1. Rank His393, His252, His134 by accessible area, highest first, at a 1.4 Å probe radius?
2. On the full set of protein chains, 1.4 Å probe, figure out the accessible area of Cys435 and give it in Å² to the nearest 10.
3. How much of Met389 can a 1.4 Å solvent probe reach, expressed as accessible area in Å² and rounded to 10?
4. For Cα extents along the principal axes in Å, pick the label among [x] 64, 56, 46; [y] 66, 46, 39; [z] 91, 49, 43 that corresponds to the value derived from the coordinates.
5. Within the chain, how many Lys pairs sit with Cα atoms under 25 Å apart, leaving out pairs fewer than 8 places apart on the same chain?
6. Run the helix sum for the chain: -39,500 (n - 2.57) per DSSP H stretch of 4+ residues, divided by residue count, reported at 222 nm to the nearest 500 deg cm²/dmol.
7. What are the principal axis extents of the Cα atoms in the stretch 90-212, in Å, biggest first?
8. Compute the long axis of helix 424-444 from its Cα atoms, compare it with the longest principal axis of the Cα atoms of the chain, and write down the angle in degrees, 0 to 90, nearest 10.
Amino acid sequence: MAQTPITSPAAAPDLAFGTGNGEAEPQQEKLPIRQHLALSSFWFAVNLHWGALGMIIVPSQATRLAPFAGMTEAEVSGWTIGMGALVGAVVPPIAGALSDRCTAGMGRRRPYVIAGSAINVVALLLFYLAFQAHSLIGYIAAWMLIGLGNNIATGAFSGIIPDLVPARERGLASSMMATMQQLGTIGGFIVGGVLMTQGREQDLLALTSIAAAVAVITLLTVVGTPERRLTHAEPFRWSELKECFWIDPRQHPDFGWVWITRAFFTTGWWLIQPILLYFMRDVIQAKEPASAVSILGGIVLLGAIPTGIGGGILSDRFGRKRIVWLAGMVMAVTCLLFAGLGMLPLEMRLGAIYAVAILWGFGYGAYVSVDWALGTDVLPNPDEAGKDMGVWHLSMVIPQSIAAPAAGLLLRPFVMQGGVGYRPEGYALVFLSACVFMFLCGALIFRVKKAR
């Protein structure tokens, strides 16, 4: 599956690529900041998109869809998110592998980023129509189409950092990505929280705003991220499909342990994320839960910015595993604190959750600051970065497909009388479950031997 050398267009003479035969071409001293910004800005759009949808819009719409579906709201939200994650498990490795071989004039990755983003935008409008029709099947189908487009784009784009960024700058690149992810998620919280406040939901405006952001920022990223053209590549053979979804951990144990620890972190995260809106309503008893979630998310991400910026840069010097360990332990403690909030007097709960959110942000920012860099450090084959990063991406989407529905199932025995809302004990069970996975993420990272 070796590739022939990649030629250099005049537009990007200074970008570092593998040669396809295992040898590296000469690398520049430093990747220009403008190209770091172009690379990371795409993740602003992606996280604005998923932050608004996953944290606020889908849980809010699930409350209104539940009576038509004959399910609880947490189950509607969980199954919707979980089914979309199944698409995310299948598409990125294939998109990454195909982009590894793409010989288009604009480069290997950008054609897939453009096509996937276009599908994403159209699917958001179909998603609105399905919701208006109160069709759960159509709603989930449109959600899966959103996931298809977004994962085509991100599956291919995931290969760009190992393509373009010198190894010594990947901590910086990961920090810039983390910052853009956090800013994008804050933007998503603002869009969702402002437009989906109880009693005055503006579903169409929220979804079209997200679609416009994805379209505009994708265009800016594509223009600002020149690639070298691959002049020739062996065609993709479907007999190689298994390789798109599997890297043998016995041959590449460091990759395997990074994959597992990321999967544990993601499981903990997605046990919590789909139920936060309901937690703010039932346990914290916020007057406007959507707005409260927006404020909570903003506090989390403001707390994450210092560690998000500093963690990746420090990891270039001191190693990434210590940062992951710290993040996992902080997130585990945070989950324990969330589980105990229901025991506080009611008047103290809102202030307490906002205080805990700072700690949550500290751990989250530290983790995402090194997440991408550590993944690229342990890639089995830099010349097939798109395929290998697609396999790595599975550590995020497979747990999501399991954890989001599991959160709804864990809450179901705790439905309040009347069928609306859940008792605090149910939420405590979910948070304690998340605590276990966050602890395992931090505890097992030192199984990685060759990466720092």
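1. Numbers: His393 15, His252 60, His134 85 Å².
The residues order as His134, His252, His393, largest area first.
2. Approximately 20 Å² of Cys435 is accessible to the 1.4 Å probe.
3. Around 0 Å² of this residue is reachable by solvent.
4. Label of the calculated value: [y].
5. Values: Lys30/Lys321; Lys30/Lys450; Lys242/Lys387; Lys321/Lys387; Lys321/Lys449; Lys321/Lys450; Lys387/Lys449; Lys387/Lys450.
Lysine pairs satisfying the spacing and distance rule in the chain number 8.
6. Details: 15 runs with 314 residues, N = 452.
Rounded to the nearest 500, it is -24000 deg cm²/dmol.
7. 51, 28, 23
8. 20
The values are calculated or read from the model by the stated rules, or taken from the named source; none is laboratory data. This one's a predicted model, so the numbers in the text were calculated from it and none came from an experiment. In this analysis, Cβ positions are derived from the backbone assuming ideal geometry, glycine residues included, and neighbour counts consider all displayed protein chains. With ligands, DNA and RNA removed, areas are computed over all heavy atoms of the protein, side chains included. Shrake-Rupley method; radii C 1.70, N 1.55, O 1.52, S 1.80 Å.
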